[in-house]
Amino acid sequence: MPEPGAGAVIRAQGLGKSFLIGSKSTQESSLETTHRLLTGTGSQRLLWALRGLDLEVRRGETLGIIGPNGAGKSTLLLLLARILAPSEGRVEVLGKTDQFFGLDEGLQSQLTVLENMSLCAALLGMPDEVFTQRLPAMLAFSKLDDYLYAKFGELSSGLAARVAFSVAIHGDLDIILVDEKLAVGDAAFQDKCLAVFRDFQAQGKTLLIVSHSLRLIDRLCPRTLYLNAGRAAFLGDTTEAIRLFVQECGGASPEPRPVAQRAETPREEPAAPPAQPEALPQAVPDPDALLEDIRDGVRAELKRDRAERATESSRRLDQAVAQIADRLEAFKADTSAALLQNFNQAMGQLADRLEELRAAGMKAAAESLAQRQTAFLDAHWEERSAAFAKRLDEAVSRITGEIEGLQASWLQGGARQKSALDSQWEQRSTAFVKKLDHSVGQIVDRIEALRADWMQTLTEVPEAAAGGPADVVSILKRLPRQPLEAEVFRVWPEALRHTGPLKVCGSFNDAFLTLLCGLTAPAPEPRLRPGQEVVMTAANLHIAGYLPAFGMVPVFVDLDPAAFNLGLPQLEKALSPATRAVLATGLAGSVPDLERLRAFCDERKLLLIECAPHHLGSRFGSRMVGTWGDAACVAAGGQADSPETWALALARPELGDIFARKAPRPESLPLILQHPAPLTKLGLSLAREASRHLGAAAKRRKAAVAQLRAFCSSYPGLLTLPELPAQFSADAESFTVIVKEGAPFSAAELATALAAASGPLLPADVRMGPQTKRVYGLEARAVSDLPNTGFLLSRGLNLAVDGLDAAETCAALARFISAQGPRR
Amino acid sequence: MDQGRLPAFWRLLRELTWVEFKLREQGTVLGFLWTLLYPLLMFIVLYLLFVRWLGKFVDMYAAYLLIGIVLWNFFQRTTCLALTSFSRRRSLIKNYKFPREIILFSTIGSTLIPFVVELVLLLGFVLAFRVEPKLTWLFLPAVIAVQIVFVTGVSFFLPLIAAEYRDIERIWEVLTMALFYVTPVFYPLSIISEGKRTLLLYNPITQILIAARGCLIDGTIPLWPSFAVPLLEGLLLCAAGYYLMRRYEYHLVDRMMEP
């Protein structure tokens, strides 16, 4: 590297830098690039950002660089920083340097401030140990201690500018190139920067400062380079450089011509490089820069013009104001004395006159007022007081008279009213007593009739039973005939919220027969006729047995495989033109979906007959079981041989006369008296007790059923539970569990074991399959094979819940199952 | 550049490598995992596609395929990133004075980090594929070094071309894809006919793959030509690339100043 003369650290000779510039510089395609590189021509043209610059800067010098936009200031700094290489001429820079602007652009917004400082230091060529050593100084300068681990992108622009700057000033640079973009940050920070520059100057570092702030240049730099359109227009004393800059660019003419003429004398364009066509004008300024310069010029001119005019007009205004003030002062002095004198005189006269007038007026007014007041009072006092007294008297006498009149009329009215009330009372009470007698007689008659009716049905039973087995007849004969109390008929409808006819029967079968008699009675026309079909499940064979006797044909459908009860899909299949009724029965500890069944029957105009022998008091959805069907028979009392076993026959209000009709019982009726119940307790007490009993018993049963279900559910491989409809409040009197096909024991074995194990705890009514599919030899129509029915009957185990200790039963079941397990 | 600044440049290289790595992986664990997952997914797909067809030609097809994918993936990822490295670090180049190839090295360094992890995992997988560990495994670092030299040599040219012709980004994608198919990454050379096989052997990556598979699976050290040829080519490319970089260093900045 050649020795620079006399301490010069920067020496530039004929320094020039050209760029390719054109409207398409960014969109240039590869083809065009190839073409340009091959031929050296293209749509782009060369722009000399800087040309023919001779510059020598000594060590420790501070050089200002000014010029309009596009003059080549930044290009010069980039050339000096060795980021750009000169296109012509040469430049020597001795010492470590870097430009002091644009440093922020290299920082990464996703990294922390500390990481960025480290990166920036590395970019400025600072070794590890130096960075570690100077970090505290950097932080002290930038005051960024609190933001060290903040992401750089999260900083405000003012704070962000400090990051790179604080690193750079500790970067051991010998030559510092400053661009005014640096001047961000608050005033305090800017002052600090200025202090830093002064410090650099004191340390003997070389500074090159580019700025549009002429004040800053003036303060810091003794020598200034004034660039215009890429040429050095002036290099020397700062004051002179600023004067020239202001005159040429801040003045009226933004034309760079005179500048070029002055500056280029020693550096006339050398032989044009081959890449540059001749046609290129020398020192072509960047059009944008030129436009910007023109704008700058116009702006400055306008500003100066405005300032001049403002000064002129303010001077004139001041003059005029002064004149006016003088004249006003003179006038005031002249006039005010005379005016004051006149005014004072007039005021004195006026005051005297007013005083006189006031005294006279006051005196006269006082006298006349006193006179008039006295006269007025004298004249009116007598007159007014007399009139008032008179009116008072009148009013008192009028009120007294009115009071007396009212008193008289009241007394009179009272007497009249009393006599009227007396006579009315007489009349009404007589009528009421008569009516009461009448209705009591009617009620008694009605009760008598009902009782007679009831007694008659009771007496009919043994007659009908005449064809039955001898022991049945003997049981029935032993029944004590106890008269029923009338209240029974009131309690049950209330308990069930039932409005239609209701009949209390001695047994469930009796109730069902009563129902069938009513439905088939001829007058005026029968609800059910012989030959019509009644659809039902085959699981309730003992009920089905009655139907052929009345001429009906039972049609058997299979059970729903999940609920093990009558299902709508199966029912749908069984319908024929002859179908007239559907028989819904309680089965598997539950009832079918009565709500949907009701809708199903309504839609097809079918009669729905409910038979729920164990569900009296159970609830299905919004209604009680037994009140969903057109006709129903329900029963309560679990054990078949219990003396409390009895049943109710119900019907809808439309079938009001159903129990009044007399229909002969068929000769062929098979008498299957399953529950021959003595009617000993079938009175008011039982009815009340039973209806009260519903709630408590239901709760007890529910708990037991829940416990049993939960227990059985824990053996999913062995036992199945029928699904209960959601609306059915599981108030069943019985609980059905089904032994699965794969289980190592049969339902019969389980039943036997349970009966043996739990002894008296287990009720006698452990009914189980298989039952026969014969209907007492009578005609029936089976829709198809009935696998689900068979499954339930052969594998189902029905436990009556009443009186059953659920825990005890569960334990017995568990013992049985654990005993079976290992054996098979 | 004077020798005194070498520590500073070394520091800059470390800083930039870390920045490049951190920005790419977004500093998250999952981001880095995805980088590792990519070759694994590629392996699964190719393995399922080709094991029945090509598995009978190659002993240890799974290990064979995985080695190919890991080494290929490094080549492809590094060259693609190197191609855009200068334009991604445009603001640094425009504002700071430092040897421009540091940016290139930092890009290679940043892909080297996951590559080394992949290599360690690769050894684990190769063991899992029941390849016996052999003494020749110790030769693997040398093969990897050759690959790094070769990749560096190629990477020298790409950003220089990219500065002049932006289209190269698209073209290089297509080129690497084509190169993938003429490199025995997922197929064995033995299924290629004799004449074409010679042609494929001119591909230095083919040689590197042969060397790597040789020392990992077969237990051989194929010094010539599989080791020496790519090494010589890589060194040659590096020298030429460094020369070009020095020569066009300022031109590069001029091109970046333009838009």
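The values are calculated or read from the model by the stated rules, or taken from the named source; none is laboratory data. A quick note: this is a predicted structure, and the numbers were derived from the prediction, not measured. Reconstructed Cβ throughout: ideal geometry from the backbone, glycine too, with neighbour counts over all protein chains shown.
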For this session: Assess whether B:Thr35 counts as being under 18 Å from the mean Cα position of the chain (by Cα), away from chain A (no Cβ under 14 Å), surrounded by 15 or more Cβ atoms within 10 Å (Cβ to Cβ) and closer than 17 Å to B:Ser106 by Cβ.
Result: yes
For this session: Hey, can you tell me all the residues within the range B:101-122 that are free of Cβ contacts under 8 Å to residues at least 40 places away in the same chain and more than 12 Å from the chain's Cα centre (by Cα)?
Result: B:Val120
Exercise. Given the conditions (1) exposed (fewer than 15 other Cβ atoms within 10 Å of the Cβ); (2) within 14 Å of chain A (Cβ to nearest Cβ); (3) under 19 Å from B:Trp18 (Cβ atoms), and given that B:Tyr96 satisfies all but one, which numbered condition is not satisfied?
Worked result: (1)
Problem set entry | Check on B:Tyr202, surrounded by 15 or more Cβ atoms within 10 Å (Cβ to Cβ), under 30 Å from B:Val45 (Cβ atoms) and aromatic (Phe, Trp, Tyr) | no
Exercise. Restricting attention to the range B:39-54, does a residue exist that is under 19 Å from the mean Cα position of the chain (by Cα), within 14 Å of another protein chain (Cβ to nearest Cβ) and of a type outside the set (Val, Ile, Thr)?
Worked result: no
For this session: Can you tell me which residue among B:Ile148, B:Ile210 is free of Cβ contacts under 8 Å to residues at least 40 places away in the same chain, surrounded by 15 or more Cβ atoms within 10 Å (Cβ to Cβ), assigned to a helix (DSSP H, G or I) and touching a helix residue (DSSP H, G or I) at 6+ places or on another chain (Cβ under 9 Å)?
Result: B:Ile210
Exercise. Considering the range B:176-187 alone, what residues qualify as being loosely packed, with under 15 Cβ neighbours inside 10 Å and either under 21 Å from B:Leu66 (Cβ atoms) or more than 18 Å from the chain's Cα centre (by Cα) (or both)?
Worked result: B:Met177, B:Tyr181
For this session: With the checklist (1) more than 14 Å from chain A (Cβ to nearest Cβ); (2) in a helix (DSSP H, G or I); (3) over 16 Å from the mean Cα position of the chain (by Cα); (4) modelled with pLDDT of 90 or more in hand, flag the one item B:Arg247 doesn't pass.
Result: (1)
Seminar exercise, completed: Exactly one of B:Val58, B:Val70 is away from chain A (no Cβ under 14 Å), among the β-branched types (Val, Ile, Thr), closer than 19 Å to B:Gly214 by Cα and not in a helix (DSSP H, G or I), and that residue is B:Val58
Problem set entry | Restricting the range A:86-131 to residues that are part of a loop (DSSP other than H, G, I, E, B) and surrounded by fewer than 17 Cβ atoms within 10 Å (Cβ to Cβ), the residue that is nearest to the other protein chains (Cβ to nearest Cβ) | A:Gln110
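Being crowded, with 18+ Cβ neighbours inside 10 Å and away from chain A (no Cβ under 14 Å) narrows it down to one of B:Glu25, B:Glu101, so name that one.
Just one listed residue meets the conditions, B:Glu101.
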For this session: Of the conditions (1) in a helix (DSSP H, G or I); (2) more than 14 Å from chain A (Cβ to nearest Cβ), B:Ser106 clears all except one; give me its number.
Result: (2)
For this session: Please specify each residue of the range B:162-175 satisfying the condition of being among the aliphatic types (A, V, I, L, M) and either touching a residue at least 12 places away in the same chain (Cβ under 8 Å) or buried (at least 17 other Cβ atoms within 10 Å of the Cβ) (or both).
Result: B:Ala162, B:Ala163, B:Ile168
Exercise. More than 12 Å from every other protein chain (Cβ to nearest Cβ), touching a Pro at 6+ places or on another chain (Cβ under 7 Å), modelled with pLDDT of 80 or more and surrounded by fewer than 19 Cβ atoms within 10 Å (Cβ to Cβ) - does that describe any residue in the range A:54-72?
Worked result: no
Seminar exercise, completed: With criteria (1) within 14 Å of chain B (Cβ to nearest Cβ); (2) within 56 Å of the chain's Cα centre (by Cα), A:Pro136 comes up short on (1)
Seminar exercise, completed: Sole miss for A:Ala160 among (1) among the aliphatic types (A, V, I, L, M); (2) closer than 25 Å to B:Leu92 by Cα; (3) more than 51 Å from the chain's Cα centre (by Cα) is condition (3)
For this session: Kindly indicate which of A:Ala365, A:Ala333 is exposed (fewer than 10 other Cβ atoms within 10 Å of the Cβ) and of a type in the set (Gly, Ala, Ser).
Result: A:Ala333
Seminar exercise, completed: Scanning the range B:76-93 residue by residue, those more than 15 Å from the chain's Cα centre (by Cα), hydrophobic (A, V, I, L, M, F, W, C) and away from every other protein chain (no Cβ under 11 Å) turn out to be B:Phe86
Exercise. If only one of A:Asp731, A:Asp805 is within 49 Å of the chain's Cα centre (by Cα) and either modelled with pLDDT under 75 or farther than 25 Å from A:Ala562 by Cβ (or both), which one is it?
Worked result: A:Asp731
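Out of all the residues in the range A:543-554, which are over 19 Å from A:Pro526 (Cβ atoms) and not in a helix (DSSP H, G or I)?
A:Gly545
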